[in-house]
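K.L.:
Handing you this structure, nothing more for now.
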Amino acid sequence: MNYVTKPIPSAKPPVDFVTRPWGSFKQYAFNQDTTVSLMSVLPGQRLSLQSHTGRAELWIVLDDGVIVQVGDTITTHRAGDEIWIPANEKHRLSGPPAGPGAQPVRVLEVAFGNWQQADITRYEDDFRRPAQGE
């Protein structure tokens, strides 16, 4: 089933950099219909390899050591990195390897489109959840 009910950008939307006398900020969505989530992943853990029909996602890395797969490419990221995940693209978020001193990592997700768990297709899942939906 296709869950597209709201516009989904095909490319990463422009990010405005705004300066003020006290400093600056980046504005990722200005009066747009988005869903924002703060994801935290434990060391040695990972989300399913998944895709979504109803949304594209912009991941903003908050902690060093985040591991991201988009398509067949796996990369390690540092705080401040931004990753664009188009609708229907396979992707996965992973924490750093487990071990002494390993800490959870966080990613801020800005989702564009219709955010709902029912639009998930899982290709691999460590927790044996269903291939479709929650």
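The values are calculated or read from the model by the stated rules, or taken from the named source; none is laboratory data. Note that the structure is predicted; figures quoted are calculated from it, not measured. For neighbour counting, all protein chains shown are included, and Cβ atoms are generated from backbone atoms with ideal geometry for every residue, glycine included.
K.L.:
Do we find that Asp63 is touching a strand residue (DSSP E or B) at 6+ places or on another chain (Cβ under 6 Å), more than 26 Å from Ala131 (Cβ to Cβ) and in contact (Cβ under 8 Å) with a residue 12 or more places away in the chain in this structure?
P.N.:
Answer is yes for this residue.
K.L.:
Within region 53-75, take every residue that is among the small types (Gly, Ala, Ser) and modelled with pLDDT of 95 or more and give me the one that is surrounded by the fewest Cβ atoms within 10 Å (Cβ to Cβ).
P.N.:
It comes out as Gly71.
To keep it simple, each residue is scored yes or no on (1) within 27 Å of Pro130 (Cβ to Cβ); (2) under 15 Å from the mean Cα position of the chain (by Cα); (3) not β-branched (Val, Ile, Thr).
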| site | (1), (2), (3) |
| --- | --- |
| Pro7 | no, no, yes |
| Pro14 | no, no, yes |
| Tyr28 | no, yes, yes |
| Gln32 | no, no, yes |
| Leu47 | yes, yes, yes |
| Thr53 | yes, yes, no |
| Ile74 | yes, yes, no |
| Gly80 | no, yes, yes |
| Pro86 | yes, yes, yes |
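K.L.:
Of the residues that sit in region 115-128 and are at pLDDT below 90 and assigned to a loop (DSSP other than H, G, I, E, B), which one is farthest from Phe30 (Cα to Cα)?
P.N.:
Out of the qualifying residues, it is Gln116.
K.L.:
Here is a follow-up. What are the residue pairs meeting all of these: first residue in region 111-133, first residue over 19 Å from Ile85 (Cβ atoms), second residue assigned to a loop (DSSP other than H, G, I, E, B) and hydroxyl-bearing (Ser, Thr, Tyr), Cβ atoms under 9 Å, and 6 or more apart or on different chains?
P.N.:
Final answer for the pair search is Asp126/Ser48; Phe127/Ser48; Arg129/Ser48.
K.L.:
Test of understanding: among Arg78, Arg46, which residue is among the basic types (Lys, Arg) and crowded, with 16+ Cβ neighbours inside 10 Å?
P.N.:
On the way: Arg78 fails: crowded, with 16+ Cβ neighbours inside 10 Å.
Residue meeting the stated conditions: Arg46.
K.L.:
Let me ask another. Within region 89-134, restricting attention to residues that are of a type in the set (Gly, Ala, Ser) and under 18 Å from Val66 (Cα atoms), which residue is surrounded by the most Cβ atoms within 10 Å (Cβ to Cβ)?
P.N.:
Of everything passing the filter in region 89-134, Gly95 is surrounded by the most Cβ atoms within 10 Å (Cβ to Cβ).
K.L.:
Being within 10 Å of the chain's Cα centre (by Cα) and charged (D, E, K, R) is the filter here; which residues of region 88-105 pass it? Talk me through it step by step, then tell me what you get.
P.N.:
Looking only at region 88-105, we keep the residues that are within 10 Å of the chain's Cα centre (by Cα), and these are 91-93.
If the condition is that a residue be within 10 Å of the chain's Cα centre (by Cα) and charged (D, E, K, R), then Arg92 is the only one that fits.
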